[in-house]
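Shown next, in structure tokens, is the structure this report addresses.
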Amino acid sequence: DAHGVMGGLKLGQTKVRGDWALSGYYEYIGQEAAISSFTYDDFGNGGTNLEGSVIQLDYQLLNPLTLTARSHFTNFINRPADTTNPTLIRLQLDAQVKF
């Protein structure tokens, strides 16, 4: 499978205190779609042969401080023989300071 696609939507933006943004996207990256070392390594176990979605919420707590919560929900496209293909869920929390 040499195909890959990614599409998403973002609502809102974080510029000043109290701003928020919500975004999400779906990604499908086939086994032969890209060189696995150049893919987004936080998506699933990294590499190719993955599909799933990412949901992100950003909140501007202070003018120089943005808090982010991001969750990845991924599955194998072609499941390896030794796996049961459970959905891998990864939660990330970030704090970004602008200076």
Looking across the stretch 72-99 at residues that are among the basic types (Lys, Arg) and more than 16 Å from the chain's Cα centre (by Cα), the single one that is modelled with the highest pLDDT is Lys98
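What is the residue count in the stretch 43-53 for residues that are crowded, with 17+ Cβ neighbours inside 10 Å and assigned to a strand (DSSP E or B)?
3
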Within the stretch 59-99, of all residues that are basic (Lys, Arg) and assigned to a loop (DSSP other than H, G, I, E, B), the one farthest from Gln31 (Cα to Cα) is Lys98
One residue is enough: does the stretch 63-83 have a residue meeting the conditions in contact with a strand residue (DSSP E or B) (Cβ under 9 Å, 6 or more places away or on another chain), within 24 Å of Val5 (Cα to Cα), among the charged types (D, E, K, R) and loosely packed, with under 15 Cβ neighbours inside 10 Å?
no
Expected single match for assigned to a strand (DSSP E or B), surrounded by 13 or more Cβ atoms within 10 Å (Cβ to Cβ) and free of Cβ contacts under 8 Å to residues at least 60 places away in the same chain among Gln31, Gln56 is Gln56
When the stretch 1-42 is checked residue by residue, the ones that are at pLDDT below 85 and among the aromatic types (Phe, Trp, Tyr) are Phe38, Tyr40
In the stretch 12-40, anything of a type in the set (D, E, K, R) and under 30 Å from Asn63 (Cα atoms) is listed as Lys15, Arg17, Asp19
Within the stretch 1-28, of all residues that are of a type in the set (S, T, N, Q) and assigned to a loop (DSSP other than H, G, I, E, B), the one farthest from Leu67 (Cα to Cα) is Gln13
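The values are calculated or read from the model by the stated rules, or taken from the named source; none is laboratory data. Bear in mind the structure is a predicted one, so any value in this text is a computation, not a measurement. Please note: Cβ atoms are built from the backbone with ideal geometry, for glycine as well, and neighbour counts cover all protein chains shown.
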